[in-house]
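J.: Structure incoming, see below.
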Amino acid sequence: MGRQRPALRREAIADHVLARGEAAAAELAERFGVSLMTVHRDLDELERQGVVRKFHGGVTAQPSGVFESNVAYRMKSMRREKAAVAARALDLIEPGMAVMIDDSSTVLELARQLGGVAPLTVVTNFLEALTLLSTERGIHLIALGGDYDPLHSSFLGVSCVEAVQSLRADISFTSTSAASAGFAYHQEQHIVSVKRAMLDSAARNILLLDHSKLGRTALHRLAPLSRFDLVLIDDGAPADALRELDEHQIPYQVCALGEV
């Protein structure tokens, strides 16, 4: 594999790390038949592109309290759990509604099913959702413009916030990176500003979470969980996390994986 062109090798390294979550630099050097120095150059480039994050001795695609995962990794992780909460979320949508969806991989699972509830107006800043829904009959699609962010495959910034503020949706579906102690959190401020604008621009707000997000925090507080009309969680959620939601009087429903 060492004779691969650098771009192809980096793509293969990225696929390997995204599939496993993390890898050691020495392991990658052996796997791809190149020197440790070459691997580190490849990882530096992948980090510059926002695909992975380097740490001493290796690289990770997993999120931290400060860094969000690349969208390619998020779309591969916790798929069954995300599908379970998306299936329940679909029950909250009626034909004719204006539905706003954010740029999360969890809500993308809901977007995959929206064609079955058409006609709908769907508003989103997520390029993956726009591409998915662009060929769906009965979906009137409104794209929220702004500065394109390849890490999230979405449009963000002041222009996006202003576009959100000019609309009024019947219902919004949002996800985020972490939730604990009665608050939802996210690592990045420019993501938070768009999600907050969506909360203010919908008559009803639904938060979709897979259980890996519970009991975690990130750098920025997005909103109190009480700001959402309903929180949907898969049934892998630990009992102590559900007790915490009860203590903060957060309305939530547990969604069974067996239903998807």
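J.: Just to be sure I follow: if Rg is taken over the C-alpha atoms of the chain and Rh is the Kirkwood radius over the same atoms, what is Rg/Rh?
T.: That ratio is 1.00, to two decimals.
J.: Running a GNM on the chain with Cα contacts under 10 Å, which residue among R227, R31, R168 ends up with the highest mean-square fluctuation?
T.: Maximum among the listed residues: R31.
J.: First measure r as the distance between the Cβ atoms of R5 and L167, then evaluate 1/(1 + (r/R0)^6) with R0 = 45 Å and state the FRET efficiency to the nearest 0.05.
T.: 0.50
J.: By per-residue mean of other Cβ atoms within 10 Å, what is the highest-first order of 243-251, 7-15?
T.: Ranking, from highest mean packing down: 7-15, 243-251.
J.: Which of these, F173, F32, F155, has the largest mean-square fluctuation under a Gaussian network model of the chain (Cα springs below 10 Å)?
T.: F32
J.: Rounded, prolate or oblate: which fits the stretch 144-227, taking a ≥ b ≥ c as square roots of the Cα gyration tensor eigenvalues, rounded meaning a/c under 1.5, else prolate when a/b beats b/c?
T.: Oblate.
J.: In what sequence, highest mean first, do 199-211, 139-151, 83-95 appear when ranked by Cβ atoms within 10 angstrom?
T.: 199-211, 83-95, 139-151
J.: Given H placed 1.01 Å from N in the peptide plane, which residues other than close sequence neighbours of A202 have an amide H under 5 Å from its amide H?
T.: A169
J.: Right, next: Any chance you could run the full-extension gain for R112 through T131? It's 0.36 nm times the residue separation minus the Cα-Cα distance, nm to one decimal.
T.: 5.8 nm is the gain from fully extending R112 to T131.
J.: How large a share of the accessible area of the chain, in percent, is made up of carbon and sulfur atoms when the probe is 1.4 Å and the other protein chains stay in place?
T.: Ligands and nucleic acids excluded, carbon and sulfur give 50 percent.
J.: Among the lysines, which fall within straight-line cross-link reach of K82, defined as a Cα-Cα distance under 16 Å, with same-chain neighbours fewer than 8 residues apart omitted?
T.: Candidates past the 8-residue exclusion: K213.
J.: At 0.36 nm per residue, minus the direct Cα-Cα distance, what do E94 and R243 gain on full extension? Give it in nm, one decimal, please.
T.: Length gained, E94 through R243: 50.5 nm.
J.: With the other protein chains left in place, how much accessible area per residue, in square angstrom, belongs to the chain at a 1.4 angstrom probe?
T.: Ligands and nucleic acids excluded, the result is 45 Å² per residue.
J.: On to the next question. Which value in nm describes the separation of the simple spin-label points at S159 and Q189, placed 7 Å from the Cα toward the beta carbon?
T.: 2.1 nm
J.: Kindly state, to the nearest 0.05, the FRET efficiency for Y148 paired with T217, given R0 = 25 Å and r defined as their beta-carbon distance.
T.: Taking R0 as 25 Å, the efficiency between Y148 and T217 is 0.35.
The values are calculated or read from the model by the stated rules, or taken from the named source; none is laboratory data. No experiment lies behind these values; they were computed from the predicted model shown. Note that we place each Cβ from the backbone using ideal geometry, even for glycine, and neighbour counts take in every protein chain shown. Only protein heavy atoms, including side chains, enter the accessible area calculation; ligands, DNA and RNA are left aside. Shrake-Rupley method; radii C 1.70, N 1.55, O 1.52, S 1.80 Å.
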